[in-house]
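Here's the structure we're looking at; comments come further down.
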Amino acid sequence: MPTAILPRFVLPLFLALLMPGAAVAAEEAYPHGPDSREQPGVPKGEVEKFAWKASKIYPGTERDYWIYLPPGFDVAKEYPLMIFQDGGGAVNPKGDLRAPTVLDNLIHQQAIPPLVALFINPGNVPASNLLGEGLSNRSFEYDTPDDTYARFLLGEMLPEVAKISPNPEDRALVGVSSGGICAFSAAWFRPDAFRKVVTSVGSFTNIHGGFWYPAVIRKTERKPLRVFLQDGEKDLDNVHGSWTLDAHEMAAAFAFAGYD
């Protein structure tokens, strides 16, 4: 249920990424299309892995992150930016999304301009119990509907990235499930910094209060955001709520508030 027409560098990417999505049913999965496969003659961008262990926004957490630089990267140029939550899954060349391969192919086709991508894992608190196991900070970071994650991106992650455009119209956030509501929250609270959102099967439910978004969208003057909102009729239905119904509520709220 799209609520907006995305800019030219976001929509082709989302459509390509959506093809290999999660399983339709236990025995059936979406096949990968050609844009999710390496193609002959297509130059490859560079992907480098880093670790972030000095967070002041989420103290005590550690996380991996990856930076994708497009083929022919020019250090003197400013580039659009896409930020992927649950970055380890999105950057995996054998995973569902295979985002770097998709980016390579679409850039080569000139369907999107060259861009930089930032893939960020949720934080983990290492050795947080007597068993020596770490504690995931994912739900706290992703499902909390406030500006904390946006401040984390702006204050800690973006300074680590190559030269990127300061124009919020050139910055997109991508997320699936709890990563989907996380992507939306960052743009909702900081539209001065992020204005494009791709959210797939977003958890706009009562995990940490995110179910209130449809109400606040209706009562808030329209923000300069463009959102692609996707869900499926067989999405989760549990103690936190119905993902499908809440996605419909979000779409109705966007329509009521005058979004595209």
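Annotation: amide H-H contacts under 5 Å for residue 111 (H modelled 1.01 Å from N, sequence separation of 5 or more, or interchain): none.
Is the chain best put as rounded, prolate or oblate by its Cα gyration tensor, with a ≥ b ≥ c the root eigenvalues, rounded for a/c under 1.5, and otherwise prolate when a/b is larger than b/c, oblate when not? Taking the square roots of the gyration eigenvalues as a ≥ b ≥ c, the chain is rounded.
Spatially, region 45-96 and region 144-160 are offset by 14 Å when compared through their Cα centroids. In a fully extended conformation the segment linking residue 252 and residue 78 would gain 59.0 nm over its present Cα-Cα distance, using 0.36 nm per residue. Placing pseudo-labels 7 Å out from each Cα toward the beta carbon at residue 139 and residue 50 gives an inter-label distance of 3.0 nm.
Here r is the Cβ-Cβ distance between residue 218 and residue 158 and R0 is 30 Å; the resulting FRET efficiency, rounded to 0.05, is 0.45. Residues whose amide H comes within less than 5 Å of that of residue 79, counting only those at least five positions distant or on another chain, are 164, 165 (H built at 1.01 Å from N in the peptide plane). Helical content alone sets the calculated 222 nm signal of the chain at -7000 deg cm²/dmol, taking -39,500 (n - 2.57) per DSSP H segment of four or more residues and averaging over every residue. I need the Debye-formula profile for region 144-214: one equal scatterer per C-alpha, no solvent, reported as log10 I(q)/I(0) at q = 0.20, 0.21, 0.22, 0.27 1/Å, two decimals. Log-scaled intensity ratios, in q order: -0.79, -0.86, -0.93, -1.26.
The 3J(HN,Hα) values that the Karplus relation (6.51, -1.76, 1.60; θ = phi - 60°) gives for region 99-113 are, in residue order, 4, x, 5, 4, 4, 3, 5, 6, 5, 4, 6, 6, 6, 9, x Hz. Gly and Pro appear as x.
Counted over all Cα-Cα pairs of region 62-148, pairs farther apart than 18 Å make up 55 percent.
Database remark: amide H of residue 173 closer than 5 angstrom to the amide H of 83, 196, 197, 198 (H placed geometrically; neighbours at sequence offset of 5 or more, or on other chains; Pro and chain starts carry no H). Farthest towards the positive end of the charge dipole of the chain, among the residues 207, 41, 179, is the Cα of 41, using unit charges on the Cβ of Lys, Arg, Asp and Glu. The value of relative contact order for the chain, using C-alpha pairs under 8 Å at least six residues apart, is 19 percent. When you count the other C-beta atoms within 10 angstrom of each residue and take the mean per peptide, 194-207, 69-82 line up highest first as 194-207, 69-82. In a fully extended conformation the segment linking residue 239 and residue 42 would gain 66.3 nm over its present Cα-Cα distance, using 0.36 nm per residue. Projected label points at residue 146 and residue 94, each 7 Å from Cα along the beta carbon direction, are separated by 4.1 nanometres.
Along region 159-168 the Karplus relation, 6.51 cos²θ - 1.76 cosθ + 1.60 evaluated at θ = phi - 60°, assigns HN-Hα couplings of x, 7, 8, 4, 4, 10, 5, x, 6, x Hz to successive residues, with x for each Gly and Pro. Check each of the GluC sites (Glu not before Pro) in region 221-260 and keep only those in coil by DSSP with at most 10 other C-beta atoms within 10 angstrom; list them in order. Filter output for region 221-260: 221, 233. A Cα-only calculation for region 35-186 places Rg and Dmax at 15.9, 53 Å.
No value in this document is a laboratory result; all are computed from the given coordinates. As the structure is a computational prediction, the values presented were derived from the model and not from experiment. Here the Cβ is made from the backbone with ideal geometry for all residues, glycine too, and neighbour counts use every protein chain on show.
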